[in-house]
Amino acid sequence: DLINKAIDEGVKYLLAKQHIDGSWLGDSSRYRNGQTALSVYTLLKSGVSPNNEAIQNALMYLGESPTSMTYSAGCHLMALSVLPGNGSLAWMEEILGDLLSWQKRDGSWAYPTGGPDLSCTQFAALGLRAAAQKGLTIPDKVWIDLAQGVRNYQLKKEKVDAPLSPGE
């Protein structure tokens, strides 16, 4: 069917774009770990075996390149969470510890040198969810602060005029 064909084409594309060091390069070399982890996650979720050479090379690259960015940590946790078994738990705990230490007082996350950022907060939440699904413990306060931090981004409710119906 068309969906499976599209997935297969996406897998072929990703495999063709992998660098010799096992990484994938996104828009910026600063986020190479994030792009690599997201590519691993995508390939695994698309049915590529964890024993595939591309996956193993990417995991080796990630193991030699510690992550220092929220986006990358979230993607890294997502990728490790879909590996079978519990062999990645210690690695996930290490990344999770970093991610938890980067949470801002308002409950959100940011780029290392910037202020709170909703995109970083989203990837932190995805990483937290992946870690929790793999069985790692996330303190309740982290979730509560995260929810409050996201609420801070919402605009106050404003009155909006109803759209005109056709013909008006």
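The values are calculated or read from the model by the stated rules, or taken from the named source; none is laboratory data. What you are looking at is a predicted structure, and each value in this text was computed from that prediction instead of being measured. Heads up: the accessible areas ignore ligands, DNA and RNA and are worked out on the full protein's heavy atoms, side chains in. Shrake-Rupley method; radii C 1.70, N 1.55, O 1.52, S 1.80 Å.
The figures follow:
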read-out: Mean separation of Cα contacts under 8 Å (6+ apart) over length of region 1-85, as relative contact order %; value: 33
read-out: Solvent exposure of region 33-133 as accessible area per residue, Å², 1.4 Å probe; value: 45
read-out: Angle between the chain longest axis and helix 53-64 axis [Cα atoms, degrees, rounded to 10]; value: 70
read-out: Mean ellipticity per residue at 222 nm, deg cm²/dmol - from DSSP H runs of n ≥ 4 across the chain, formula -39500 (n - 2.57); value: -18000 deg cm²/dmol
read-out: Integer Hz, Karplus 6.51/-1.76/1.60 couplings in order for region 142-149, x for Gly and Pro; value: 4, 5, 5, 5, 4, 4, 5, x
read-out: Relative contact order %, region 1-158, counting alpha carbon pairs below 8 Å whose residues are six or more apart; value: 19
read-out: Greater than 23 Å apart at Cα, pairs in Lys5/Lys134; Lys104/Lys141; Lys5/Lys45; Lys45/Lys104; Lys45/Lys141; value: Lys5/Lys134; Lys45/Lys104; Lys45/Lys141
read-out: Per-residue HN-Hα couplings for region 65-70 [Karplus 6.51, -1.76, 1.60; θ = phi - 60°; Hz; x = Gly/Pro]; value: 10, x, 8, 10, 10, 4
read-out: Share of carbon and sulfur in the accessible heavy-atom surface of region 54-119 [1.4 Å probe, %]; value: 52
